[in-house]
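A.B. asks: Before I ask anything, here is the structure I am working with.
The values are calculated or read from the model by the stated rules, or taken from the named source; none is laboratory data. Not measured: the values here are computed from a predicted model. Don't worry about glycine lacking a Cβ; one is built from the backbone with ideal geometry, like all the others, and counts go over all protein chains shown.
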Amino acid sequence: MNIITFLRELSQNNHREWFESHRSYYELAKSDLLTLAGGLISEISAFDQTIQHLDPKKCIFRINRDVRFSKDKSPYKQYMSAFFSKDGKSSQSAGYYIHFEPDNCFVGGGVYSPPPEVQQAIRSEIYFNSSEFVDIIERDSFKKTFGSLQYDKYFRVPKGFPPDFAFGELLKFKHYVASCPLPDNIVQGTDIEQFAIGIFKELYPLNQFLNRAIQNF
């Protein structure tokens, strides 16, 4: 794949002049990502039919950074990524994510940084169906693949829920996501799609639970 090679060069030359003079390199990397996205949509659809309608072009993120409110004015992201969700890459639905960045490639998914109403819906679903949720994230294959849910937690059980709730820790998550690294030999080889699909299959029950919560709020 051309993605990591391009990104390593970009990290050393993150300015418009270089990018425009090497746009053909970017187009090759983008083409690789689009091809991979198309294959992933097809394979994921075999077990999650909610994404079978997706257009690969609408699943990959722009490489341009929004620098309006950032001290870092570098015009381009130093990674390339795609997100597959039934309502599109910018929706709040749970989905499947793949991320390419030198020395930090990974696959995963779920719901990242949900707005308050979505976060509350997820918490309520967990509160009323805690055994089901625990069964999902404590499954041996889930723990072997992801370890656990990741990212930051709030310090206290959120308002509106009993502070002594037995599974109160599960309500503290700021995000409901899980991920695992993409090994270098996979990134540089020909098995990326197969590897990612194996991860996404493990993620599917979590996404089902989260999307049910979001649909019901």
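A.B. asks: Every residue in the stretch 132-149 that is of a type outside the set (D, E, K, R) and in a helix (DSSP H, G or I), please.
C.D. replies: Listed by number, the residues that qualify are Phe133, Val134, Ile136, Ile137, Ser141, Phe142, Thr145, Phe146.
A.B. asks: So which residues in the stretch 52-74 are surrounded by 13 or more Cβ atoms within 10 Å (Cβ to Cβ) and either touching a residue at least 40 places away in the same chain (Cβ under 8 Å) or part of a strand (DSSP E or B) (or both), if there are any at all?
C.D. replies: Hits for the stretch 52-74 are Ile60, Ser74.
A.B. asks: Next question. Among the residues in the stretch 170-183, are any in contact with a His (Cβ under 7 Å, 6 or more places away or on another chain), buried (at least 18 other Cβ atoms within 10 Å of the Cβ) and closer than 29 Å to Lys77 by Cα? First the steps, then the outcome.
C.D. replies: First, pick out the residues of the stretch 170-183 that are in contact with a His (Cβ under 7 Å, 6 or more places away or on another chain): none.
No, the stretch 170-183 contains no residue that is in contact with a His (Cβ under 7 Å, 6 or more places away or on another chain), buried (at least 18 other Cβ atoms within 10 Å of the Cβ) and closer than 29 Å to Lys77 by Cα.
A.B. asks: Here are Gly198, Gly189: which of them is farther than 14 Å from Phe133 by Cβ, part of a loop (DSSP other than H, G, I, E, B) and not charged (D, E, K, R)?
C.D. replies: Just a single option satisfies the conditions, and that option is Gly189.
A.B. asks: Sort out which residues of the stretch 100-131 are part of a strand (DSSP E or B) and crowded, with 21+ Cβ neighbours inside 10 Å, and write them in order of number.
C.D. replies: Hits for the stretch 100-131 are Phe100, Val107, Gly108, Gly109, Gly110, Val111.
A.B. asks: Which residues, taken from the stretch 75-95, are over 23 Å from Arg23 (Cα atoms), part of a loop (DSSP other than H, G, I, E, B) and at pLDDT 95 or above?
C.D. replies: Ala94
A.B. asks: What number of residues within the stretch 86-99 satisfy the criterion of being surrounded by fewer than 23 Cβ atoms within 10 Å (Cβ to Cβ), of a type in the set (Gly, Ala, Ser) and touching a residue at least 12 places away in the same chain (Cβ under 8 Å)?
C.D. replies: So the count comes out to 2.
Each row is one residue, and each column tells you yes or no for (1) of a type in the set (A, V, I, L, M, F, W, C); (2) more than 30 Å from Glu117 (Cβ to Cβ); (3) within 13 Å of the chain's Cα centre (by Cα).
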{"position": "Leu36", "(1), (2), (3)": "yes, yes, no"}
{"position": "Glu43", "(1), (2), (3)": "no, yes, no"}
{"position": "Ile51", "(1), (2), (3)": "yes, no, no"}
{"position": "Phe61", "(1), (2), (3)": "yes, no, yes"}
{"position": "Lys71", "(1), (2), (3)": "no, yes, no"}
{"position": "Lys89", "(1), (2), (3)": "no, no, yes"}
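A.B. asks: From the list Ser70, Ser85, Ser124, Ser74, exactly one residue is of a type in the set (Gly, Ala, Ser) and in contact with a strand residue (DSSP E or B) (Cβ under 8 Å, 6 or more places away or on another chain). Which is it?
C.D. replies: Ser85
A.B. asks: Taking into account only those residues within the stretch 9-51 that are out of contact with any strand residue (DSSP E or B) (no Cβ under 9 Å at 6 or more places or on another chain) and touching a residue at least 40 places away in the same chain (Cβ under 8 Å), which is farthest from Leu206 (Cα to Cα)?
C.D. replies: Among those that are out of contact with any strand residue (DSSP E or B) (no Cβ under 9 Å at 6 or more places or on another chain) and touching a residue at least 40 places away in the same chain (Cβ under 8 Å), it is Ser11.
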